[in-house]
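Input: a single structure, listed below in structure tokens.
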Amino acid sequence: MTKLRLDVVGDPISHSKSPYIHETVLKELGTPYEYRKVRVKKGELSKYLCEAKELGLCGFNLTMPHKTDILPFLDFIDDEALRFNSVNTVKIKDGKLLGYNTDAQGMVYSMERQGFRTKDKNIVILGAGGVSSTLALKMAFEGTGKITVLNRTLRSAEDICEKIIKESGTNCTALSFDKESLKNAAKECDILINCTPLGMEGIDTDFEDLSFLENMSKGSLVFDLIYNPPETSLLKRAKELGLSTLNGLDMLIYQGLLADEIFFDTKLDLDIHKEKIDYVFKNLKNF
Ligand code: NAP
């Protein structure tokens, strides 16, 4: 049987764990697809899109640096993706490119499955890049109490806050990413989300000082979007202090499952598929 193709497109891409997620689902569904990693450099999306259509791809996922650059090429953009200005899933149907964002809902599911809801909560977000903006907007639209965004480049945090206040009316404050601001923000924080690459495998920078975690109250959650290593220095220290912790693997898995629902126009039993994917990751060497 001829195999049909799905891709994940980004640069860098060799580190991507997405194929493990989608191949597990495709095997379960008995669907004759293969899922490939394709390196596409910034500015080269247009060439890739021509190839994707010519090859008859059913769709592809997007990661850094293409989630916003893809927007002008799309024939349809889902409302949420449009609000976030970010697309991570493109379905190709009748030669048309249809764009969606499953990152934000993946984050919501990963926290909910651990018993954490963002409604009326005090959220602190570290970093103000693409994913930070998407997640902050999602939580604001879902009725979170207050959001504080801390970033090395203060202007980017301010841009996110301005958008949130304008579009949702949620209380949002921008702060610099410094010791004092981290300590103050941590004091009233229910959920702290790290959206910077600090502590990630292959990146030689990490948090210089984690004492701000001591200001968080018991029962609060520290969520690191990084999943490699599974326990960053941030999560290790949070655990030592008795705080709840979550890494980014569940979010990655849920965003992938939601993308498969879009690709195959179907509803998946998320818990069953998640369990199977967890098993695959547990048995992976070097992870
Ligand atoms: P991005 O757009 O490049 O943003 C990176 C952010 O981190 C920026 O705000 C940047 O600050 C900050 N930053 C970078 N280096 C820093 C340093 N040395 N000290 C302090 N701040 C620093 O990246 P992104 O797409 O938002 O992704 C952010 C993280 O989330 C990455 O680690 C990525 O792997 C992870 N992620 C995980 C999932 C998942 O499913 N688990 C999904 C998407 C992303 P400046 O603005 O000052 O440059």
#### Entry: Unmet criterion (only one of (1) within 9 Å of the ligand (Cβ to nearest atom); (2) at pLDDT below 95) for T153
(2)
### Hits in the range 173-195 (condition: over 15 Å from A238 (Cβ atoms) and either part of a loop (DSSP other than H, G, I, E, B) or aliphatic (A, V, I, L, M) (or both))
A174, L175, F177, D178, E188, C195
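Take the residues in the range 250-287 that are among the aliphatic types (A, V, I, L, M) and more than 23 Å from V90 (Cβ to Cβ); name whichever of them is surrounded by the most Cβ atoms within 10 Å (Cβ to Cβ).
Restricting attention to the range 250-287, the residues satisfying the condition of being among the aliphatic types (A, V, I, L, M) are 251-253, 257-259, 262, 268, 270, 272, 277, 280, 284.
Filter once more, keeping what is more than 23 Å from V90 (Cβ to Cβ): 272, 280, 284.
Values: I272: 10, V280: 15, L284: 9.
Result: V280.
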### Message
Scan the range 223-245 and tell me whether some residue there is away from the ligand (no atom under 15 Å from the Cβ), under 30 Å from L4 (Cβ atoms) and aromatic (F, W, Y).
### Response
no
### Task
Out of the residues in the range 129-150 that are more than 21 Å from D78 (Cβ to Cβ) and crowded, with 24+ Cβ neighbours inside 10 Å, state the one that is farthest from the ligand (Cβ to nearest atom).
T144
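Only one residue in K93, K166 is surrounded by fewer than 19 Cβ atoms within 10 Å (Cβ to Cβ) and either aliphatic (A, V, I, L, M) or under 22 Å from D260 (Cα atoms) (or both). Which one? Before you say what the answer is, go through the steps one by one.
On the way: K166 fails: either aliphatic (A, V, I, L, M) or under 22 Å from D260 (Cα atoms) (or both).
Answer to the selection: K93.
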### Query
So how many residues does the range 267-287 have that are at pLDDT below 95 and outside any helix (DSSP H, G or I)?
5
### Task
Just name the residue that is farthest from S18 (Cα to Cα) out of those in the range 56-88 that are surrounded by 18 or more Cβ atoms within 10 Å (Cβ to Cβ) and among the β-branched types (V, I, T).
I77
### Query
Of the numbered conditions (1) surrounded by 14 or more Cβ atoms within 10 Å (Cβ to Cβ); (2) part of a helix (DSSP H, G or I); (3) touching a helix residue (DSSP H, G or I) at 6+ places or on another chain (Cβ under 9 Å), S46 satisfies every one except a single condition; which is it?
(1)
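Inspect all residues belonging to the range 11-23 and state whether any of them is farther than 22 Å from D69 by Cβ, of a type in the set (A, V, I, L, M) and touching a His at 6+ places or on another chain (Cβ under 6 Å). I'd like the intermediate steps shown before the answer.
Within the range 11-23, the first condition is being farther than 22 Å from D69 by Cβ, and the residues that meet it are 17, 19-23.
If we keep only those that are of a type in the set (A, V, I, L, M) too, we end up with 21.
Among the residues that remain, those that are also touching a His at 6+ places or on another chain (Cβ under 6 Å) are: none.
The answer is no, given that none of the residues of the range 11-23 is farther than 22 Å from D69 by Cβ, of a type in the set (A, V, I, L, M) and touching a His at 6+ places or on another chain (Cβ under 6 Å).
From the list K218, K276, K285, K239, pick out the single residue that is of a type in the set (K, R) and in contact with a helix residue (DSSP H, G or I) (Cβ under 9 Å, 6 or more places away or on another chain).
Working: K218 fails: in contact with a helix residue (DSSP H, G or I) (Cβ under 9 Å, 6 or more places away or on another chain); K285 fails: in contact with a helix residue (DSSP H, G or I) (Cβ under 9 Å, 6 or more places away or on another chain); K239 fails: in contact with a helix residue (DSSP H, G or I) (Cβ under 9 Å, 6 or more places away or on another chain).
Unique residue meeting the criteria: K276.
The values are calculated or read from the model by the stated rules, or taken from the named source; none is laboratory data. This is a predicted model, so every value here is computed, not measured. Neighbour counts run over all protein chains shown; Cβ positions are idealised from the backbone, glycine included.
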